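Here is the structure we will look at, set down as structure tokens.
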Amino acid sequence: MILPDLIIAPSPKGGRGVFALAVIPSGTIIEISPVLVFSKQERLIVEQTLLYNYIFEWGRSRKLAALGLGYLSLYNHDYDANADYTMDFESALMTITTVKKINKGDEIFINYNANPNDTTKIWFDAK
């Protein structure tokens, strides 16, 4: 399920991002999508490819990896995110929910730290 009020477009952050075509209230589920789960061994291989920038750590041990289908891997990072994600390891699903009101035309951001307000530097900012 992907909310029909979303679109993929060029992002000012670079590459593509997910944007709102209408106002979306806080607390709205905007996407529930399946993921492809990679084993520990497969993750090591995937991390050597372009897909490294699009996978999520997966599983309770965080040693697996998952590639989100739908729009999941296109949400850009922001330390002040307006959406959050949850992972359902048993069903291999991820859900994106808004944590702030999103205005028409706004880009939707998640925090790659898995918490919308976590300011811990992520891998591409840690340099």
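The values are calculated or read from the model by the stated rules, or taken from the named source; none is laboratory data. This structure is a prediction, so every number in the text was calculated from the model and none was measured. Backbone-built Cβ (ideal geometry, glycine too); neighbour counts: all protein chains shown.
A few comments on the model shown:
- Restricting region 68-86 to residues that are of a type in the set (A, V, I, L, M) and crowded, with 19+ Cβ neighbours inside 10 Å, the residue that is farthest from Gly14 (Cα to Cα): Ala83
- If you go through region 1-41 and pick out every residue that is surrounded by 12 or more Cβ atoms within 10 Å (Cβ to Cβ), touching a Lys or Arg at 6+ places or on another chain (Cβ under 6 Å) and of a type in the set (Lys, Arg), you end up with 0.
- For beta carbons closer than 7 Å, sequence separation of 6+ or different chains, a first residue in region 68-83 that is without any contact (Cβ under 8 Å) to a residue 24 or more places away in the chain and a second that is assigned to a loop (DSSP other than H, G, I, E, B), there are no qualifying pairs.
- The listed residue being surrounded by 17 or more Cβ atoms within 10 Å (Cβ to Cβ), hydrophobic (A, V, I, L, M, F, W, C) and without any contact (Cβ under 8 Å) to a residue 60 or more places away in the chain, out of Ile102, Ile108, Ile55, Ile45: Ile55
- Qualifying residue in region 84-107 (condition: at pLDDT below 95 and out of contact with any strand residue (DSSP E or B) (no Cβ under 6 Å at 6 or more places or on another chain)): no
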